[in-house]
Amino acid sequence: MTRTLAAATLTLMAVIPPLLAAPDEFNYDEAKVPEFTLPDPLEGVGSADAWPARRAELFSLIEAEMFGEAPAAVPVEVVRDIPDTEALGGKATLSQPKLRFAGVEVRLLIIRPAAISSPVPAFLGLNFAGNHTVIDHPDVALTTAWMRNKDDDKASADDRGKSAGRWDAASIVGRGYALVTAYYGEIDPDFDDGWENGVHAELGKPDGPGAWGSIATWAWGLSRILDHLDEDVPAIDGRRVAVLGHSRLGKTALWAGAADERFALVISNNSGCGGAALSRRRYGETVKRINTAFPHWFCDGFLKYNDDEDALPFDQHTLLALVAPRPLYVASAEDDRWADPHGEFLAALNASPVYGLLGQEGLPAESMPAVNEPVTGGRIGYHIRTGKHDVTAYDWGCFLDFA
Ligand code: GTR
């Protein structure tokens, strides 16, 4: 394992040009990445038969030490108060069922191909700024939940379609898939609110070092949405739902995919620290920084790894391995050094032996690929594209080709 890491490190240095000035506190110099040894997810596992028990053990470990334990599923009630409408010049049908569970109301936006009557596969991902930002359409409902990055904490109709570039609904629908999204703040508002809001108001405040944080809460919400898609939406094939997310919602998608094996494909876009990037590299964002800036994201047990990443009994390759043998795609961006693209690649590479044990090829690569040259052909896909921390049409093209 150490040799693999060293080889991949050298390759990346050739791909990424000398690094720009960085805040002193954080390392952006590949040469200063400390030496480390990754815990082996397959320790003590001699055959594929032994994987389910080992997987359960690793899941419990990551749950207890990082994301926190979520409660059991709760019933989901559906309110269909908005009629379906058409979008994308008649190519798509929009539905907006409201889901009620655990004291919250989560409005879905489902954009599906109008011309297909059989159940279609779907991409499910939470959005950062409200459903109305995902597509510019006058009938998309505005959320009344607390809105991040707004002076008055409220969604505004001026933002219709503001994030449409991140969703590429036309390509998704054009390739025969549905897109399902919801505003993450309706499940749990993304600030350190003392657990007063979102589902915690009804389910109770997280208590103790292993109690769930916001990422586990959003992931649990994704499973409740999947309950609905699977049971109540004949237009969608519940056995072919991919979960995906960008950045903090990429971390969320990975944990949702680990916690709920009904997700058929898991996609992480620029998820970085606490997502696909190896924590031990301490490149860009660190465990201490993320726990300090976002104290509500992880469980309190994760705090003890601040400045002590080598003590983690797992690393993020272990999280990725929990997706096996289902398909997994990890996407990085060249200028997104805060998320450590090389650390994301290495986590994908080091999750591969688990796929191998289960009779599948994981990531068919030995070293970091060049930018805009996706690694495909295995159960794990990876790309690093040019550009910044974002979700682009290029990323979607890769996800759709991989799906
Ligand atoms: C950053 C955070 C990252 C990433 C990002 C985002 O501030 O440090 O871990 O989650 O936010 O979600 O946009």
task: State, to one decimal in nm, how far the label point of E35 lies from the label point of D136, with both points 7 Å from Cα in the Cβ direction.
output: 5.6
task: Using a cut-off of under 18 Å, list every residue of segment 313-333 whose amide N is near the label point 7 Å from the Cα of Q360 along the Cα-to-beta-carbon line.
output: 317-331
message: Using DSSP to call loops (not H, G, I, E or B), can you name the GluC sites (Glu not before Pro) in segment 168-248 whose Cβ has at most 13 other Cβ atoms within 10 angstrom?
response: E196
message: Just to confirm my numbers, what's the Cα centroid distance between segment 274-317 and segment 202-223 in Å?
response: 18
task: Given the peptides 39-46, 250-257, arrange them by the average over their residues of other C-beta atoms within 10 Å, most packed first.
output: 250-257, 39-46
Span from the segment 351-390 Cα centroid across to the segment 85-137 one, whole angstrom: 30
- prompt: For G272, what charge total do you get from the other residues with a beta carbon under 12 Å from its beta carbon, if Lys and Arg give +1 and Asp and Glu give -1?
  reply: +1
task: For a quick protection proxy, order the peptides 223-229, 206-212, 380-386 by their average other-Cβ count within 10 Å, most packed first.
output: 380-386, 223-229, 206-212
query: Per-residue ellipticity at 222 nm for the chain, helices alone: DSSP H runs ≥ 4 residues times -39500 (n - 2.57), over residue total, nearest 500 deg cm²/dmol?
result: -8000 deg cm²/dmol
statement: Pairs over 29 Å Cα to Cα, from K150/K388; K154/K288; K32/K150; K150/K205; K32/K251; K205/K251, come to K154/K288; K32/K150
task: Grab the eigenvalues of the alpha-carbon gyration tensor for segment 200-336, scale each by 5, take roots, and send me the semi-axes largest first in whole angstrom.
output: 26, 19, 12
message: What's the whole-number percent of alpha carbon pairs in the chain lying beyond 28 angstrom?
response: 44
message: What lysines does K91 reach when the alpha-carbon gap must be under 25 Å and sequence neighbours fewer than 8 apart in one chain are set aside?
response: K162
field: Label point at N197 placed 7 Å out along Cα→Cβ; residues across segment 123-146 whose backbone nitrogen lies under 20 Å
entry: 126-134, 141-146
message: Placing +1 on the Cβ of each Lys and Arg and -1 on the Cβ of each Asp and Glu in the chain, which of P71, G272, A157 has its Cα farthest towards the positive end of the resulting dipole?
response: A157
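Any read-out appearing in this document is the output of simple, stated calculations on the displayed coordinates, not a laboratory observation. Predicted model only: the values in this text are computed from it and were never measured. Because the Cβ atoms are built from the backbone with ideal geometry, glycine has one as well, and the counts that use them run over all protein chains shown.
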